[in-house]
Ligand SMILES: Cc1ncc(COP(=O)(O)O)c(C=O)c1O
């Protein structure tokens with residue numbers, strides 16, 4: 001099969017510009033140049049309202065990044081030294097970085113081999129271990145909707161609440177995903193998402209948001225977002241906070257991107273469906289829970305000869321990425337908290353490979369990617385026979 005005429009991309013952060021129309025971005029930027037509220041201007045408030053409505057959540061507070069969103073939510077819960085925060089390890093570092101920045105102790109939890117998300121059974125085990133040791137307060141659980149796939153919310157929330165803990169979902173990869181009829185970002189006690197350019201709803205720079213149905217918690221997030229500022233007296237900072245505001249230009253970009261978001265999601269499903277149906281069974285495919293829908297931040301498979309497959313695909317002009325070659329618990333800065341055995345995370349870090357996933361892959365691209373993947377699989381199967 002011939003290589004497609006245009007290069008295949010792992011992510012595509014640009015094509016939607018021409019669909020939305022560059023002039024719409026430029027007009028929106030001009031308005032901001034005119035009104036001059038460059039941080040947390042009126043566009044950010046419009047975005048808060050639209051994102052909250054889309055997710056069917058009462059409160060959304062946009063902020064500087066997904067990492068800020070995670071940190072702000074934990075600040076609102078007063079997470080501090082002596083607190084145990086249970087967190088997925090097969091994830092981007094920020095999921096654990098946020099509690100560590102606040103002085104809490106991350107307790108890493110293993111994933112499931114098929115969904116790649118937090119294993120509720122291992123969460124239970126980890127909680128029992130911490131209880132038995134008796135040194136830390138049980139504070140919060142941070143499951144991750146990895147690659148956009150919703151985690152086992154019902155089970156995780158039940159376990160957390162039974163143990164007096166809140167759940168903060170790291171939905172940085174799952175804005176637009178659906179868990180049993182409800183949008184991710186509306187299920188846990190609080191949720192954090194990211195608008196980093198490669199995310200399902202990607203901006204043109206950093207951005208994030210915290211979601212909650214609790215007015216008091218949202219007010220705390222808003223205060224922490226501006227250095228712990230008091231609502232009544234802006235020169236009195238009543239708690240510790242950070243510079244976590246969203247840039248108004250970013251909000252304007254995201255308001256434009258929202259116009260094509262639903263169509264982009266549909267196109268991501270179209271791509272995933274072809275992979276699901278046509279990729280060889282030689283590959284394990286990330287399992288999406290029943291009655292759930294991933295926003296497919298990434299489409300990820302696993303296979304024993306991942307590194308060989310990666311070289312083969314790259315030689316054939318198909319970009320791919322290893323997310324994540326090291327679970328967080330074995331990264332240098334986190335080694336001192338690497339206290340538990342996480343065999344599934346370890347295995348996924350050696351076998352998982354993300355292949356091109358953008359709403360703008362056409363049939364020619366997909367025919368080519370699928371044929372090359374299946375060619376590799378057939379060689380492996382024949383060799384083993
Ligand atoms: C699972 C996960 N958590 C947190 C983050 C952090 O988001 P940001 O890069 O916007 O700080 C990311 C982004 O890469 C992510 O993928």
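The values are calculated or read from the model by the stated rules, or taken from the named source; none is laboratory data. Owing to the predicted nature of the structure, the values given are computational and were not obtained by experimental measurement. No Cβ is skipped: glycine too gets one built from the backbone with ideal geometry, and neighbour counts run over all protein chains shown.
None of 379, 350 is within 23 Å of residue 112 (Cβ to Cβ) and surrounded by fewer than 15 Cβ atoms within 10 Å (Cβ to Cβ) except 350. Condition check for residue 237 on (1) in contact with a strand residue (DSSP E or B) (Cβ under 7 Å, 6 or more places away or on another chain); (2) within 16 Å of the ligand (Cβ to nearest atom): one failure, at (2). Report whether or not residue 127 is more than 15 Å from the ligand (Cβ to nearest atom), crowded, with 19+ Cβ neighbours inside 10 Å and more than 22 Å from the chain's Cα centre (by Cα). Spelling it out, residue 127 is indeed more than 15 Å from the ligand (Cβ to nearest atom), crowded, with 19+ Cβ neighbours inside 10 Å and more than 22 Å from the chain's Cα centre (by Cα). When region 102-117 is limited to residues that are outside any loop (DSSP other than H, G, I, E, B) and either in contact with a helix residue (DSSP H, G or I) (Cβ under 6 Å, 6 or more places away or on another chain) or in the same structural domain as residue 348 (by TED's automatic domain parsing) (or both), the one that is farthest from the ligand (Cβ to nearest atom) turns out to be 107.
With respect to residue 166, is the statement that it is assigned by TED's automatic domain parsing to the domain that holds residue 50, farther than 15 Å from residue 61 by Cβ, over 14 Å from the mean Cα position of the chain (by Cα) and more than 12 Å from the ligand (Cβ to nearest atom) true? Spelling it out, residue 166 is indeed assigned by TED's automatic domain parsing to the domain that holds residue 50, farther than 15 Å from residue 61 by Cβ, over 14 Å from the mean Cα position of the chain (by Cα) and more than 12 Å from the ligand (Cβ to nearest atom).
Counting residues in region 132-141 that are assigned to a loop (DSSP other than H, G, I, E, B) and in contact with a helix residue (DSSP H, G or I) (Cβ under 6 Å, 6 or more places away or on another chain) gives one or more. Scanning region 255-274 turns up no residue that is part of a strand (DSSP E or B), touching a residue at least 60 places away in the same chain (Cβ under 8 Å) and within 16 Å of the ligand (Cβ to nearest atom).
Residues of region 190-212 that are closer than 13 Å to residue 73 by Cβ and more than 9 Å from the ligand (Cβ to nearest atom): 190, 191, 209, 210, 211, 212.
Would you mind telling me which numbered condition in (1) part of a loop (DSSP other than H, G, I, E, B); (2) within 16 Å of the ligand (Cβ to nearest atom); (3) more than 12 Å from residue 142 (Cβ to Cβ) residue 91 fails? Going through the list (1) part of a loop (DSSP other than H, G, I, E, B); (2) within 16 Å of the ligand (Cβ to nearest atom); (3) more than 12 Å from residue 142 (Cβ to Cβ), residue 91 breaks only (3). So for region 154-164 (the condition being within 22 Å of residue 328 (Cα to Cα) and part of a helix (DSSP H, G or I)), does at least one residue qualify? The answer is yes, given that some residue of region 154-164 is within 22 Å of residue 328 (Cα to Cα) and part of a helix (DSSP H, G or I). Scan region 304-323 for residues that are in contact (Cβ under 8 Å) with a residue 60 or more places away in the chain and in contact with a helix residue (DSSP H, G or I) (Cβ under 6 Å, 6 or more places away or on another chain) and the total you get is 5. The one condition from (1) within 15 Å of the ligand (Cβ to nearest atom); (2) touching a residue at least 60 places away in the same chain (Cβ under 8 Å); (3) in contact with a strand residue (DSSP E or B) (Cβ under 7 Å, 6 or more places away or on another chain) that residue 171 does not meet is (2).
To keep it simple, each residue is scored yes or no on (1) at pLDDT 95 or above; (2) surrounded by 15 or more Cβ atoms within 10 Å (Cβ to Cβ); (3) closer than 30 Å to residue 137 by Cβ; (4) in the same structural domain as residue 129 (by TED's automatic domain parsing).
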{"residue": "2", "(1), (2), (3), (4)": "no, no, no, no"}
{"residue": "23", "(1), (2), (3), (4)": "yes, no, no, yes"}
{"residue": "28", "(1), (2), (3), (4)": "yes, yes, no, yes"}
{"residue": "42", "(1), (2), (3), (4)": "yes, no, no, yes"}
{"residue": "51", "(1), (2), (3), (4)": "yes, yes, no, yes"}
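None of 47, 70 is modelled with pLDDT of 95 or more, within 16 Å of the ligand (Cβ to nearest atom) and more than 16 Å from residue 253 (Cβ to Cβ) except 70. Among the candidates 242, 229, 246, the residue that is in contact with a helix residue (DSSP H, G or I) (Cβ under 7 Å, 6 or more places away or on another chain), surrounded by fewer than 18 Cβ atoms within 10 Å (Cβ to Cβ) and either assigned by TED's automatic domain parsing to the domain that holds residue 38 or on the phi > 0 side of the Ramachandran plot (or both) is uniquely 242.
Residue-level analysis places residue 250 among those that are assigned to a helix (DSSP H, G or I), within 16 Å of residue 60 (Cβ to Cβ) and within 12 Å of the ligand (Cβ to nearest atom).
Residue 368 falls short on exactly one of the conditions (1) touching a helix residue (DSSP H, G or I) at 6+ places or on another chain (Cβ under 8 Å); (2) surrounded by 18 or more Cβ atoms within 10 Å (Cβ to Cβ); (3) closer than 28 Å to residue 384 by Cβ, and that condition is (1). The helices (runs of 4 or more DSSP H) located wholly in region 1-78 that include 1 or more residues which are in contact with a strand residue (DSSP E or B) (Cβ under 6 Å, 6 or more places away or on another chain) and in contact (Cβ under 8 Å) with a residue 24 or more places away in the chain occupy 42-55, 66-76.
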